Each structure stands twice: as structure tokens, then as C-alpha cells.
Amino acid sequence: MRLAAAFMLIAIQVTHAQGRPDTLANPLAADPAAVVGGKRLFDAACTPCHGAGGVGSERAPSLDTGRFTHGGEDFEIFQTIQKGVPGTQMPAFASFSADQLWQLVFYVRSLSRTDSTVTAAPAIGDAARGEQLFFGTGQCSSCHEVNGRGLPLAADLSEIGRQTPGHIQVGMEHEPNPLRVFLGPDQRYVEITLQDGTQFEGLVKNEDSYSIVLQTLDGAYRFLDRRRIRTLTNSSRTLGPTDLAKRLSSEQMADLLGYLTQRKQRAAVKIDGASAGAGLSFNRLKNAQKEPHSWLTYWGTYAAEHFSELTQIDRRNLAALQVRWAVPMIGNSPVEATPLVVDGVMYVSGPPGDVYALDARSGLLIWKFHRRQERVNPFQLNPYNRGVAVLGQRVFVATLDNSLIALDARSGRVLWQQRIADTMDGYTMTGAPLALDNKVIVGVSGGEMGIRGFIDAYDASDGHSLWRFDTIPGPGQPGHETWSGDSWKTGSGATWLTGSYDAQLNLLYWSVGNPGPDFDPEKRQGDNLYSCSVLALNPDTGRLVWHYQFSPHDTHDWDSNEDFILAEVPINGHPRKVLLHADRNGFFYTLDRVTGQFISAVPFVRQTWNKGFTANGRPIVDPASPATPQGHRISPGVGGTNFQPPSYDPVRRVLFLNFLDAEATASYQSAQYERGQVFNGAHFSVRLPPSHEPVQGVMALDVLTGRKLWTFPVTRLSLQAGVLATRGEVVLAATAEGNLLGLDARTGRSLWHFQTGAPILGAAMSYSVDGTQFIAIAAGNTLYSFALPEGQR
């Protein structure tokens with residue numbers, strides 16, 4: 001395709017400068033001659049793949065339906081043509097001028113306009129009556145969605161009103177050619193009988209030689225192994241009604257048209273009673289430990305154990321583990337997300353802006369959501385996304401430019417989006433949301449950029465704001481006195497790591513990162529609440545119930561954005577609800593999660609900053625430990641661990657975690673705040689030789705005593721990839737050089753490893769489909785899923 005396109009581009013002598021859009025709107029949209037130039041360009045460069053008139057081919061999708069995978073706005077189509085689509089056969093046409101690109105946009109837009117078939121202006125009736133018909137006797141919602149209401153079998157009509165009434169009327173008639181406008185590209189309708197006699201009929205959404213993703217007429221998905229299929233026949237049945245004009249009067253058709261023409265833009269609509277309990281319910285989330293075959297939240301459960309109770313893969317057969325499928329997720333940054341699995345569907349965020357729904361058994365794509373970042377801070381850091389949340393039939397994802405988006409879990413279509421902060425102020429959103437009872441909780445990144453952190457709650461139904469908790473208290477708020485002068489305004493306190501939740505206590509536990517600037521203490525005298533803390537919040541109101549600060553006035557970038565595990569353990573012979581936490585400052589903490597009372601803290605790596613704890617749990621900081629301009633040695637260095645998930649076995653009461661036992665130089669230089677830029681005071685040119693050689697790897701801790709049970713050293717520990725332990729007494733860990741490790745949970749002995757060929761930045765998780773246990777993890781831009789061979793399960 002690239003070679004053919006190149007020769008054609010030479011033939012039409014493209015000599016303009018590289019195209020650059022000067023506006024988000026097409027400046028040629030009102031120029032009828034533009035479509036002529038666009039057709040000439042399209043015929044020369046695009047028809048080899050997209051076909052004449054954009055009808056599509058095996059090499060490229062159709063462009064005549066009015067719907068576009070990589071964005072349907074004019075500017076988005078412009079960018080897709082100009083930049084291409086990495087990982088596909090769609091090349092970049094960067095040598096086209098802006099005018100030529102806009103001509104192509106105009107022509108591609110014209111392919112889905114069929115107004116020339118309409119000889120008279122259609123009658124437009126009553127929109128209110130039309131809405132009743134659409135969701136009632138007209139049965140339109142049995143195939144189509146409007147703002148998430150209806151079934152996602154055919155085209156989403158939430159914004160159909162952007163097209164002309166004549167175009168909409170032709171689509172309503174469901175004639176064979178205009179059918180593509182309302183139903184989308186040709187879809188294969190099949191009837192299937194399994195070996196056991198079970199029968200299905202529906203639309204084939206994806207397939208390969210071994211598996212089929214089938215969407216039945218109730219909108220549900222069936223994931224079928226071809227070996228289980230006795231017969232599969234293509235049905236002559238058409239999905240769209242061909243008798244609509246006969247069943248409905250001309251007045252009713254006009255009313256339907258009146259309703260559809262008013263659908264100019266997507267609107268958030270509250271979940272109705274009929275659909276509120278569908279999909280993944282809050283009750284299932286509260287009892288996720290009863291569904292070990294699934295992985296329902298970022299941590300697996302609200303208790304944040306990041307542990308799998310599955311036993312098919314164990315320490316005796318782990319050596320036979322092999323890759324079952326791999327899915328590339330092409331983008332500008334590696335995949336750092338932990339996938340979720342709900343009812344056989346895997347939901348995972350790829351590079352920022354992308355969300356995938358996959359058949360968890362085969363890896364076949366069900367749908368993909370793509371969104372270009374609307375605004376990019378030139379000083380933006382950490383371009384990652386760590387995952388999604390699911391509640392009901394909705395998938396929630398946060399974006400780098402600070403929007404929270406709700407997607408239809410059945411189709412990937414946007415239901416609502418809420419802008420939360422300005423990325424030009426230094427804010428980004430990289431963490432996985434936490435879904436509770438019709439609430440979605442999110443935090444923000446930007447701790448190196450002088451932001452003022454917060455935790456937000458939004459209504460899962462329509463996205464309206466419920467509450468906000470400021471992690472850096474302002475005037476009149478408790479804790480404000482711990483900041484000198486106006487330093488609170490740039491105090492950071494980022495909240496990007498997903499929290500934990502106790503449903504019985506109805507308490508939300510959330511971590512807060514470093515103060516800002518990270519290293520320069522002169523700019524922010526005081527304890528700097530609530531940086532480097534855990535917050536226990538009432539999730540209904542956002543009210544603070546208690547807090548505990550791990551590192552007051554931190555000058556080493558020891559944020560507390562690490563896991564908070566909810567457990568019950570014996571303390572002094574009595575069972576107690578506790579919060580377990582391994583902090584970057586090198587201590588493993590046990591707190592009472594009801595009251596926040598300090599119970600114990602034990603160092604798990606070498607530390608030189610703390611001389612002990614007071615009776616109420618405040619650390620006794622060595623006065624020589626804070627950073628200085630000249631610099632001095634400090635332990636731990638980067639941190640005893642990091643945000644990568646540990647894994648807690650609640651039966652054996654063992655915590656498995658990554659560790660880094662190393663020194664650093666505690667130094668700083670004066671930090672000057674500039675909006676949206678790095679504000680940390682780092683003085684990395686001062687480097688003292690370490691007095692101890694660094695050691696890094698995986699460790700097992702007895703949580704009752706803090707005693708190390710074993711350690712497994714590695715050469716290059718990933719600062720992002722976590723640890724997963726299973727009831728099969730297996731521990732999965734990862735290295736920066738791309739090895740996925742399988743260790744014996746009892747001894748730490750290496751049992752298996754797999755070289756992925758790319759850095760591993762995400763955490764492993766485990767799930768089961770049709771009796772087969774899988775382990776999934778991302779490496780580079782590829783998501784892998786592993787399982788045992790059939791004969792060894």
C-alpha cells in the first residue's frame with residue numbers, strides 16, 4: 001500500500017509544505033469546489049485500500065458510514081490522514097498541504113451524505129412523540145442507542161442530528177444502500193449450534209480460525225471456541241426493519257424524524273431503573289473475593305490485596321506456563337495498566353487515550369475506544385495510564401488532559417465526560433478510577449509541577465461533581481497551619497494511585513504524594529499536611545475521618561503513593577481491623593483502620609532518617625537527615641519500594657513486595673515556580689559515592705512481625721511492575737529488562753521465567769475462563785496472557 005501510494009503522490013506532484021491545520025474547523029467546508037479536489041486526491045492515494053467511494057476492502061475500513069474509529073470530528077480526520085495510524089497499514093500523508101488535507105476531509109465527509117436521493121424536504125414532526133416511538137412501539141432502541149439508552153447492535157444515533165434531515169430520513173427507511181448509515185459496515189449475521197445442542201444467533205463482532213466473538217440480539221457477548229461448534233450458518237435475516245414505513249404512519253415517521261434531528265450532541269442521561277442493576281453491580285464489587293475467576297477492580301478487590309485465589313497454576317506445574325495470546329497496543333508510550341476481567345470481557349487501557357475490550361479467553365478485540373489528547377502541556381511528565389474502572393454497564397477512564405470519561409461497556413461509546421483540571425497548570429490524570437455505589441473516585445498527578453492536589457467524586461450516572469477534598473489545606477481548613485506563607489498554593493500532594501475501600505465501615509482510604517517542591521525545604525516550612533499521608537474519608541461526603549502522616553516535611557521525594565491493604569490480624573491476642581502499608585520511606589506500617597491509631601512500624605530496608613516513634617506514632621526524625629544544598633547520604637534512596645502493587649496472602653499473612661535497598665544523596669537547589677513546569681528543587685549534579693552496594697528484588701514479609709521470610713535479588717528491578725501471588729503458591733514479578741518471573745511463594749526459589757523482549761511497566765493479574773486460569777501482564781506495547789497447556793491443567 002505504501003509503495004503504491006507513494007507513486008500516486010508523485011504523479012499528482014504534491015509540492016506543498018507540510019500541512020498544518022490553522023483551525024479546528026474545516027475552512028473549506030463551504031467551498032463546493034473543495035470536494036472535487038478531495039475526490040481527485042482520494043482517487044489517487046486512497047482507493048487502493050479504501051476502495052472507490054470509500055466502500056472499504058480487506059485492507060482498510062469503509063469511510064462512507066459517517067463513523068470513524070480514530071475520531072469523527074473534522075480536525076480528528078485531518079490528523080488521522082496527516083499522521084497515519086501507527087501499527088496499521090494506514091500511512092502518514094505528512095507531505096500534503098493543509099488545503100489538500102482539508103479537501104480530503106471534505107470529500108470523506110461527503111461520502112456518507114445521501115441527500116441527493118431526496119427530492120423534497122421531509123416533514124418533521126413532534127420530537128416528544130418521536131422519542132416515545134423510538135424507545136417504544138417503533139422498536140428502534142432494540143438496535144440503536146441514544147446517549148446509552150437502547151442496544152448497541154447498530155449505529156449510535158446520539159449525534160445523528162448533525163446530519164441533514166434528508167440524510168436521516170433515507171437512513172430511517174433502511175433501504176439496502178442507506179442501511180450502512182444506520183447499521184454500519186456490513187455485519188455478518190449467523191446462526192450457531194454448539195456440540196451440546198445450545199443455539200445462538202447474532203452478529204459476528206470478531207473472529208479468527210479458532211474463536212468467535214458473537215453479539216446476540218440482547219446486546220450480550222458470547223465467546224465461542226470453534227471446536228465446540230457443531231454448525232455455523234450465515235443467516236439471510238437482516239437486522240434492520242425493512243417494513244418500518246409500513247408499520248408506522250407518515251405522521252409517526254415525521255415524529256421519529258423530529259426526535260432524531262434534535263440529537264445534535266451527546267448528552268449525559270441518568271441510568272434508569274431497568275438498567276441500574278445490569279452488568280457489574282456494587283454488590284459484586286463488595287464481594288469480589290467470591291469471584292476469583294474475575295478481576296473486578298485495579299487491586300482485584302476493594303481490600304487491595306492484589307492476590308489471586310486461583311490454584312490451577314501452582315508451583316509444581318508453573319514451569320509449563322506458556323503464552324496463549326498477545327495483543328499489540330500501538331501508541332507513544334508503554335502500557336502500564338492492570339487489566340480488569342468482568343464476565344469474560346477484559347477491559348484495559350493502552351497508551352493514554354485508548355481503551356480496549358477483549359475476549360479474555362482468546363484476546364480477540366470486541367471494541368476499542370480512542371481519544372486524542374485535546375491539549376498537551378509541553379512540560380508534561382509520566383504519559384501513562386494505569387487502568388480503568390467498571391460499574392454497571394459503564395467503563396470509566398481518566399485522561400492525561402484531565403477528563404473523566406464514561407464509556408458504554410457494550411460498545412465503547414462515550415456516555416459522558418467531565419473536565420476536572422487544567423493540564424497547563426501541571427495537572428494530569430494517570431491512575432485508575434475507583435467505582436463505588438454510583439460514585440467514581442479519582443485523583444490527580446502532577447506532584448513535580450507545583451499543583452495543589454485533590455481527590456474528587458463524581459456521579460457515575462451522569463458525571464456531575466459530588467465532592468472534592470483538597471489534600472493541601474487552604475486558609476480556614478485544618479492543617480493549613482503546617483504550611484509556611486503561601487507555600488500551600490503549590491504544595492503538590494498528588495493522589496494518582498487508586499485507593500482502597502471498606503464497605504462495612506464505609507471508609508475510603510487514599511494515598512497522598514510528596515509536598516512541593518519535592519526537595520527544597522526552604523520554600524515550605526512545617527509538616528506539610530496532608531502530603532505523604534493516608535486519608536480515611538467518608539465516600540458519601542468527602543469528609544476526613546482520620547489521617548496519618550508517614551513522612552512529615554519530606555525532603556526526599558518519599559511520597560506515600562503506595563498500596564493500603566485492608567486486613568484482619570491478631571494484635572496482642574485480639575483480632576483487629578488493620579491497614580498494612582509498605583512505604584517508600586523504608587518502613588512497613590500497621591495502623592488501626594477504624595481510628596487511624598499507630599500500631600507498629602518495622603524497617604524492611606536499611607534506613608538512616610528515623611530514630612524511632614513517639615507513643616502516638618509520630619516519627620522521630622534525625623535532624624541531620626533533611627536535604628541540604630551540599631548533600632549527604634540518605635537511606636533509603638529512591639525509596640524502599642514504589643507504587644507498584646505488592647501482594648498480600650490473607651491466609652498465610654505474608655506480604656510479597658518489590659524492594660530497593662540503596663542509598664542516595666540528599667541535596668537540593670532553590671526551586672522557582674513557573675506555571676505548569678517542573679517545580680522540585682532537584683540537585684542531581686551532587687552525587688556522593690554510596691557506602692553500601694544497592695540490593696534490589698522481591699521480598700516476602702511476615703506481616704505480624706515484619707520479619708523477612710526470603711528475598712530474591714534481580715539485576716534491574718522495574719519501578720512500575722508489581723507483584724502477584726496466588727493460592728497456587730506462585731509469585732509473579734517482573735524486571736526492567738523484560739523478564740516475567742515465577743517464584744515459589746514459600747521459598748522464593750525461581751521456578752520459571754519468560755523474556756518478553758520489552759520493559760515491563762504493568763502489574764500482573766490472574767483470571768479464569770471456561771476452567772482455564774490465565775495470567776496477564778503488559779510488556780512494552782503488548783499485552784500477554786499466559787496459561788498451561790491443555791494436558792497439564
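The values are calculated or read from the model by the stated rules, or taken from the named source; none is laboratory data. As the structure is a prediction and not an experimental result, all values here were calculated from the model. Neighbour counts run over all protein chains shown; Cβ positions are idealised from the backbone, glycine included. Ligands, DNA and RNA are excluded from the accessible area calculation, which covers all protein heavy atoms including side chains. Shrake-Rupley method; radii C 1.70, N 1.55, O 1.52, S 1.80 Å.
Can you give the convex hull volume of the alpha carbon atoms of region 527-596 per residue, in Å³? Show your work: numbers first, answer last.
On the way: hull volume 6.8 nm³, N = 70.
That works out to 97 Å³ per residue.
So what is the orientation-averaged projected area of the chain, using the convex hull of its C-alpha atoms, in nm²? Don't skip to the end; give the middle numbers.
Working: hull surface 145.7 nm².
Result: 36.4 nm².
Once both labels are positioned 7 Å from their Cα atoms along Cα-to-Cβ, the gap between ARG716 and LYS489 label points is 4.3 nm. Residue-wise HN-Hα couplings along region 343-358, as the Karplus relation 6.51 cos²θ - 1.76 cosθ + 1.60 with θ = phi - 60° gives them from phi, are 6, x, 9, 9, 10, 8, 8, x, x, x, x, 10, 10, 10, 10, 10 Hz; Gly and Pro carry x. Backbone amide hydrogens, once placed in the peptide plane, bring LEU660 within less than 5 Å of THR641, excluding anything fewer than 5 places away on its chain.
Taking a straight Cα-Cα cut-off under 27 Å and skipping sequence neighbours fewer than 8 places away in the same chain, the lysines within cross-link reach of LYS523 are LYS489, LYS611.
Taking amide H positions as modeled 1.01 Å from N, with prolines and chain starts lacking one, the residues under 5 Å from ARG452 and 5 or more places away or on another chain are SER492.
Under 14 Å from the Cβ of ALA457, count the other residues' Cβ atoms, weight Lys and Arg +1, Asp and Glu -1, and hand me the total.
Details: positive: LYS439, ARG468, ARG543; negative: ASP437, ASP456, ASP459, ASP462, ASP470, ASP540.
Every neighbour counted, the sum reads -3.
Shown for region 652-708: the carbon plus sulfur share of the solvent-accessible area, taken with all protein chains present and a 1.4 angstrom probe, equals 50%.
How high is the relative contact order of region 496-593? Use alpha-carbon pairs under 8 Å, at least six apart in sequence, and give a whole percent.
Details: 209 pairs, mean separation 23.6, N = 98.
Answer for region 496-593 is 24 percent.
Just the accessible area per residue of region 300-371, please: how many Å² with a 1.4 Å probe?
Values: 2150 Å² over 72 residues.
Spelled out: the 1.4 Å probe surface of region 300-371, per residue, equals 30 Å².
In sequence order, region 315-324 has phi-based couplings of 5, 8, 10, 4, 4, 8, 4, 8, 5, 9 Hz under the Karplus curve 6.51 cos²θ - 1.76 cosθ + 1.60, θ = phi - 60°, and Gly or Pro positions carry x.
When DSSP assigns beta bridges and you keep just the ones with both residues in the chain, what percent turn out antiparallel, to the nearest 5? List each step's numbers first, then the result.
Working: 143 of 148 bridges.
About 95 percent, rounded to the nearest 5.
Enter the angle in degrees (range 0 to 90, nearest 10) between the Cα long axis of helix 32-45 and the first principal axis of the Cα atoms of the chain, meaning the one along which they spread out most. Value to nearest ten degrees: 70. Our coupling estimate for region 154-160, obtained by passing each phi through the Karplus curve with A = 6.51, B = -1.76, C = 1.60 and θ = phi - 60°, is 10, 4, 6, 9, 4, 10, 5 Hz, Gly and Pro reported as x. Applying 0.36 nm per residue to the separation of LEU365 and GLU568 and subtracting their alpha-carbon distance, the gain on full extension is 69.1 nm.
Compute the signed sum of charges (Lys and Arg +1, Asp and Glu -1) over the other residues within less than 10 Å, Cβ to Cβ, of ASN680.
On the way: positive: none; negative: GLU448, ASP518, ASP520, ASP557.
Residues close to ASN680 contribute a combined charge of -4.
Size of region 325-401: Rg and Dmax of its alpha carbons, in Å, are 12.7, 40.
Under a 5 Å amide H cut-off, with hydrogens placed 1.01 Å from N, ARG263 pairs with GLY161 among residues at least 5 apart or on other chains. Working from Cα pairs under 8 Å separated by at least six residues, relative contact order for region 639-757 is 22 percent.
In plain terms, if you count all Cα to Cα distances in region 388-446 and split them into 5 Å steps from zero, the share in each step is 4, 21, 30, 23, 14, 6, 2 percent.
For the chain, what is the calculated [θ] at 222 nm in deg cm²/dmol (nearest 500), taking -39500 (n - 2.57) for each run of four or more DSSP H residues and dividing by its residue count?
Working: 12 runs with 97 residues, N = 793.
Dividing the helical sum by the residues of the chain leaves -3500 deg cm²/dmol.
Each principal axis of the Cα cloud of region 341-384 was evaluated for its coordinate range; sorted largest first, these ranges are 40, 16, 14 Å.
Modelled spin-label separation between PHE68 and THR608, with each label point placed 7 Å from Cα along the Cα-to-Cβ direction: 5.8 nm. What a 1.4 Å probe finds exposed on region 304-352 is 44% carbon and sulfur by accessible area, rounded to a whole percent. Using a cutoff of 8 angstrom between alpha carbon atoms and counting only pairs six or more residues apart, the relative contact order for the chain works out to 10 percent.
Between SER110 and ILE620, what's the calculated FRET efficiency when r is the beta-carbon distance and R0 is 60 Å? Round to 0.05. Don't jump to the answer; show the numbers that get you there.
Values: r = 73 Å, r/R0 = 1.22.
So, using R0 = 60 Å, E works out to roughly 0.25.
A convex hull fitted to the Cα coordinates of region 706-745 yields 84 cubic angstrom per residue. Principal axis extents of the C-alpha atoms in region 439-492 (largest first, rounded to whole Å): 41, 25, 11.
Checking a compactness column here: for region 660-720, what do you get for Rg(Cα) / (2.2 N^0.38 Å), N being the number of residues? Don't skip to the answer; put the middle values down first.
On the way: Rg = 17.2 Å, N = 61, 2.2 N^0.38 = 10.5 Å.
That ratio works out to 1.63.
The smallest convex shape that holds all Cα atoms of region 408-540, its convex hull, gives 113 Å³ per residue.
Solvent-accessible area of region 410-480 (1.4 angstrom probe, protein heavy atoms only): carbon and sulfur portion equals 45 percent. Note on ALA128/GLU674: beta-carbon distance plugged into 1/(1 + (r/R0)^6) with R0 of 41 Å gives a FRET efficiency of 0.15. When the Kirkwood radius is taken over all Cα pairs of region 306-365, what Stokes-Einstein diffusion coefficient follows at 10 °C and 1.306 mPa s, in µm²/s? Rounded, D is 118 µm²/s. For region 690-779, would you read off the P(r) tail past 20 Å as a percentage of all alpha carbon pairs? When every Cα pair of region 690-779 is considered, 38 percent fall beyond 20 Å.
DSSP loop (so not H, G, I, E, B), at most 13 other Cβ within 10 Å: list which trypsin sites (Lys or Arg not before Pro) in region 529-637 pass both filters. Before the final figure, lay out each step's value.
On the way: sites: ARG543, ARG576, LYS577, ARG584, ARG593, ARG606, LYS611, ARG633; in loops: ARG543, ARG584, ARG593, ARG606.
Within region 529-637, the qualifying trypsin sites (Lys or Arg not before Pro) (loop, at most 13 other Cβ atoms within 10 Å) are ARG543.
With a 1.4 Å probe and all protein chains left in place, how much accessible area per residue does region 519-558 have, in Å²? It would help to have the intermediate numbers written out before the result.
On the way: 1150 Å² over 40 residues.
Per residue, region 519-558 has 29 Å² of solvent-accessible surface.
Once the dipole of the chain is set up with Lys and Arg at +1 and Asp and Glu at -1 on Cβ about the Cα centre, which of SER685, PHE134, VAL695 lies farthest towards its positive end? Of the options given, the answer is VAL695. At a probe radius of 1.4 angstrom, the accessible area of region 574-670 per residue rounds to 36 square angstrom.
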